[in-house]
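In what follows, a single structure is set out as structure tokens and then discussed.
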Amino acid sequence: MASLTPIIHLDSRVPTLLSLVVRPLAVTLGRHIFVRRGVIATARLLRHEAVHVAQFAELGWIRFFWLYVTDWIRAWLALRDRRAAYRAIRLEQEARALEDLEDREVPWEFVIVERAPRGWQAFDLPPRP
């Protein structure tokens, strides 16, 4: 189970960098959970993102991204609303359904990284207009 242990990066710029469609509170890539700057990592948010960690482990990177993107595109073509399309993604629906589990039902322990790693995500972004 050690390979499924989510690693949480608090105060991260990754969600802002990857916010092409919606402005997420957190982004999960593999077993790494990047929580946006200024967002409190609540138990509910961490449970939601931990579901994505399990989805990555089950599906693998390529299949996860393929399902995620194709679901969004299909929903956007049908609804013409990017937020509604985001809510229609099956992987997001599963994570939302499981985020309300009681803490005792969550099988993961989390490793928390207090500061965002230095390097490519250490630069400051210009303010949004």
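Calculate one ³J(HN,Hα) per residue across segment 69-78 by plugging θ = phi - 60° into the Karplus curve 6.51 cos²θ - 1.76 cosθ + 1.60, and present them in order as whole Hz with x for glycine and proline.
6, 5, 4, 5, 4, 4, 5, 5, 4, 7
Taking Cα pairs under 8 Å and at least six residues apart, what relative contact order does segment 1-63 come out at, in percent?
Details: 86 pairs, mean separation 21.8, N = 63.
Relative contact order of segment 1-63: 35 percent.
Please find the FRET efficiency linking residue 96 to residue 63, where r is the Cβ-Cβ separation and R0 is fixed at 22 Å, and quote it to the nearest 0.05. Don't skip to the end; give the middle numbers.
Working: r = 20 Å, r/R0 = 0.92.
Calculated value: 0.60.
Put a dot 7 Å past each Cα toward the Cβ at residue 25 and residue 74; how far apart are the dots in nm?
So the two model labels end up 2.7 nm from each other.
Probe 1.4 Å, all protein chains in place: accessible area of residue 96 in Å², nearest 10?
Its accessible surface works out to 80 Å², give or take rounding.
What number comes out for accessible area per residue over segment 8-52 if the probe is 1.4 Å? Units Å², please.
Values: 1870 Å² over 45 residues.
I get 41 Å² per residue for segment 8-52.
Pull out the extension gain between residue 17 and residue 42, defined as 0.36 nm times the separation in residues minus the alpha carbon to alpha carbon distance; nm, one decimal. Let's see the in-between values first.
Numbers: separation 25, 0.36 × 25 = 9.00 nm, distance 2.15 nm.
Stretched out fully, the residue 17 to residue 42 stretch lengthens by 6.9 nm.
About its Cα centre, what dipole magnitude does segment 1-100 give when the only charges are +1 on Lys and Arg Cβ and -1 on Asp and Glu Cβ, stated in debye to the nearest 20?
Values: 15 positive and 9 negative charges, 70 e Å.
Rounded to the nearest 20 debye, it is 340 debye.
Express the Stokes-Einstein translational diffusion coefficient of segment 1-104 in µm² s⁻¹, to the nearest whole number, given a Kirkwood radius over alpha-carbon pairs, 20 °C and a viscosity of 1.002 mPa s.
Translational diffusion coefficient: 152 µm²/s.
Take the Cβ-Cβ distance between residue 87 and residue 7 as r, set R0 to 30 Å, and report the resulting FRET efficiency rounded to the nearest 0.05. Mind dumping the intermediate values first?
Details: r = 27 Å, r/R0 = 0.89.
The formula returns an efficiency of 0.65 here.
The values are calculated or read from the model by the stated rules, or taken from the named source; none is laboratory data. Everything numeric in this text was worked out from a predicted model, so none of it was measured. Ideal geometry is used to build each Cβ from the backbone, glycine not excepted, and the neighbour counts take in all protein chains shown. Areas reflect the complete protein model, heavy atoms only, side chains present, ligands, DNA and RNA absent. Shrake-Rupley method; radii C 1.70, N 1.55, O 1.52, S 1.80 Å.
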